[in-house]
1. Any chance you could count how many residues in segment 144-159 are crowded, with 16+ Cβ neighbours inside 10 Å and of a type in the set (Ser, Thr, Tyr)?
2. If I filter segment 160-170 for residues that are assigned by TED's automatic domain parsing to the domain that holds THR298, part of a loop (DSSP other than H, G, I, E, B) and surrounded by 19 or more Cβ atoms within 10 Å (Cβ to Cβ), do I get at least one hit?
3. Kindly indicate whether any position in segment 83-94 is more than 30 Å from GLN344 (Cβ to Cβ), in a helix (DSSP H, G or I) and within 17 Å of the chain's Cα centre (by Cα).
4. What residue, of VAL211, VAL218, VAL241, VAL234, is more than 23 Å from LYS300 (Cα to Cα), among the hydrophobic types (A, V, I, L, M, F, W, C) and out of contact with any strand residue (DSSP E or B) (no Cβ under 6 Å at 6 or more places or on another chain)?
5. Could you list, in sequence order, all residues of segment 192-242 that are of a type in the set (Val, Ile, Thr), surrounded by 16 or more Cβ atoms within 10 Å (Cβ to Cβ), assigned to a loop (DSSP other than H, G, I, E, B) and within 42 Å of the chain's Cα centre (by Cα)?
6. Kindly indicate the residue of segment 244-264 that is on the phi > 0 side of the Ramachandran plot and surrounded by fewer than 18 Cβ atoms within 10 Å (Cβ to Cβ) and also modelled with the lowest pLDDT among those meeting that condition.
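The values are calculated or read from the model by the stated rules, or taken from the named source; none is laboratory data. Computed from a prediction, not measured in an experiment: that's the story for all the values here. As a convention, Cβ positions derive from the backbone with ideal geometry for all residues, glycine included, and neighbour counts pool all protein chains shown.
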Amino acid sequence: MRIATITFQQNAMSQMQELQAALAKTQNDLATSKKLHSAADDPAGMAMVNQLNVQLSASQQYVTNGNSATSGLQLEEQAMTDATNTLQSARDLAVQANNPALSASQRTDIAAQLTQLLQNLVAIGNRVDGNNNQLFAGNATGTIPFGQAGNTVTYSGSSTVRQIQIGPNQRISAGDTGATVFMNIPAGNGTFTTSGAATNTGTGSIGVGTVATPSAWVPDTYTISFTSPTAYSVTNSAGAVVSTGTAFADGDSIAFNGIQVPITGTPAAGDSFTVAKAGNASAFSTLSSLITTLNSTTLKSAQISSQIGGALQQIDNAITNMGNVSASVGARINSITSSQGAAQTLQTNLTTSVSQLSDVDYAAAITQLNTEEVSLQAAQASYASIARLSLFNYLK
């Protein structure tokens, strides 16, 4: 079979070009430390690498989200610690003010200190993070949540908070609303509240009260009316009598519908006290009411004592509420830490898998490079030798 010179040359050149291309690729692999540069190198391998990189990018974003959430939650935690300390100072002042021996001027001085503490509490509620986002405004991060007019404080933030994804199937609240932390605090003992009428003339002062039999409690507004220092009746909001007594004495508790309310001092005929189902009260309104009580020049000693007692209970409720929220914040921070640990482990595994698929095995690549260089040199030498052959070399 005859092989045309042009065919021989074309085949030889094609073979050498293939060898040169393979050698160039191996050299490029060694220079870049990568064996996958495009889907053409290994379609299945490149598809897997792309998929792994998507997972790696998402995992890295979860860690970034977690860092951001942790920063905000730590600032919130510090704010609530400061708010708790402020409320504790207010409680100490309330205990100090609950002394019948104090003069009106002394109570006014305490009220002035409480006014400053109220302002401090509002300032804490309006704190911002490093990006100037409000900590307690919920989703309305650009809105100052608390506004103060005199001793009245209102909330203008959102009722919802941002949810941040810290894992493939895990999201957490990035903060807490001001309503949750400062505003929606159970009033009284959480079941009912107590108060004395402003027109009372006796020395009777009602306490916070307790629930003895929860199943017997019927939420309603009840009035305890004294017809003499020792006789009383309890009526509900419809005017129906639910309990009576004729032998009341200083310090006794009046019991009805599964609850007990203590009254100290001696009520006068015509005095009345109210027991109502509990709602919510804010930490700000508690301090504001206490300030009003201490600044009053018309309230009697028993009324002041009753109102201070209620304020003390409400301050305790606010401190308890902040403790509960702080515990929730701590749990979320721990959850983020755990999630980030898992994410970092996953990133290590994903990076290893990507490396195994796309990185060069230097020992194998160098061996291949040497083989390709020898093959190319041999092909070039063969081509050069055969190309010099001619029939004229054999004619004499």
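1. Total satisfying the criteria: 2.
2. The answer is yes, given that some residue of segment 160-170 is assigned by TED's automatic domain parsing to the domain that holds THR298, part of a loop (DSSP other than H, G, I, E, B) and surrounded by 19 or more Cβ atoms within 10 Å (Cβ to Cβ).
3. Yes, segment 83-94 contains a residue that is more than 30 Å from GLN344 (Cβ to Cβ), in a helix (DSSP H, G or I) and within 17 Å of the chain's Cα centre (by Cα).
4. VAL218
5. Result: VAL208, single match.
6. Out of the qualifying residues, it is GLY251.
Residues are listed down the side, and each one gets a yes or a no for (1) charged (D, E, K, R); (2) surrounded by fewer than 16 Cβ atoms within 10 Å (Cβ to Cβ); (3) at pLDDT 95 or above:
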| site | (1), (2), (3) |
| --- | --- |
| ASN280 | no, yes, no |
| SER288 | no, no, yes |
| ILE291 | no, no, yes |
| LEU294 | no, no, yes |
| SER306 | no, no, no |
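Quick grid of which residues meet (1) under 30 Å from ALA104 (Cα atoms); (2) touching a helix residue (DSSP H, G or I) at 6+ places or on another chain (Cβ under 8 Å):
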residue: GLY258; (1), (2): no, yes
residue: PRO262; (1), (2): yes, no
residue: SER282; (1), (2): yes, yes
residue: ILE308; (1), (2): yes, yes
residue: ALA327; (1), (2): no, no
